[in-house]
Amino acid sequence: MSRDNLHPTPDRLLHLHRCDLARNMARFYRLSIERDLFGGVIVLREWGRIGTRGQRLTEPCLHELDAQLRLLRLAQAKRRRGYVDIDA
């Protein structure tokens, strides 16, 4: 595996939204696979109310394949809770 930067592609970047006007809910959830400063692979999770900076959490992974599987599992869980994909 090369130490090149991981460029955002559809399999490495997801934008999800969940809106419910009756509950005054407008949320975003962003998942991406990136490299940290030391060349390791991380899954970056960002979430919050649409229009805000939100929060971030990084999860280190041993391999890019592990990161892709983690991203897919997280996205699947969010879709089950009502989040929908947004074109980046």
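The values are calculated or read from the model by the stated rules, or taken from the named source; none is laboratory data. Bear in mind that the values here come from a model prediction, so they are computed numbers and not experimental data. Quick reminder, even Gly has a Cβ in these numbers, built from the backbone with ideal geometry, and neighbours come from all protein chains shown.
Return a yes/no flag: does region 72-87 have any residue that is surrounded by 15 or more Cβ atoms within 10 Å (Cβ to Cβ) and part of a strand (DSSP E or B).
No, region 72-87 has no match at all.
Provide a single number: the residues in region 41-57 that are within 10 Å of the chain's Cα centre (by Cα) and either closer than 16 Å to I86 by Cα or buried (at least 16 other Cβ atoms within 10 Å of the Cβ) (or both).
Residues meeting the conditions: 5.
Scanning for something among the aromatic types (F, W, Y), at pLDDT 95 or above and assigned to a loop (DSSP other than H, G, I, E, B), does region 24-37 turn up at least one residue? Walk me through it before giving the result.
First pass over region 24-37, keeping only residues among the aromatic types (F, W, Y): 28-29.
Subset that is at pLDDT 95 or above: 28-29.
The next check asks that each one be assigned to a loop (DSSP other than H, G, I, E, B); those that pass are none.
The answer is no; no qualifying residue exists.
Please enumerate the residues belonging to region 44-70 that are among the polar types (S, T, N, Q) and either outside any strand (DSSP E or B) or touching a residue at least 24 places away in the same chain (Cβ under 8 Å) (or both).
T52, Q68
Identify the single condition in (1) among the aliphatic types (A, V, I, L, M); (2) at pLDDT 95 or above; (3) out of contact with any Lys or Arg (no Cβ under 9 Å at 6 or more places or on another chain) that M1 does not satisfy, given that it satisfies every other one.
Among (1) among the aliphatic types (A, V, I, L, M); (2) at pLDDT 95 or above; (3) out of contact with any Lys or Arg (no Cβ under 9 Å at 6 or more places or on another chain), the lone unmet condition for M1 is (2).
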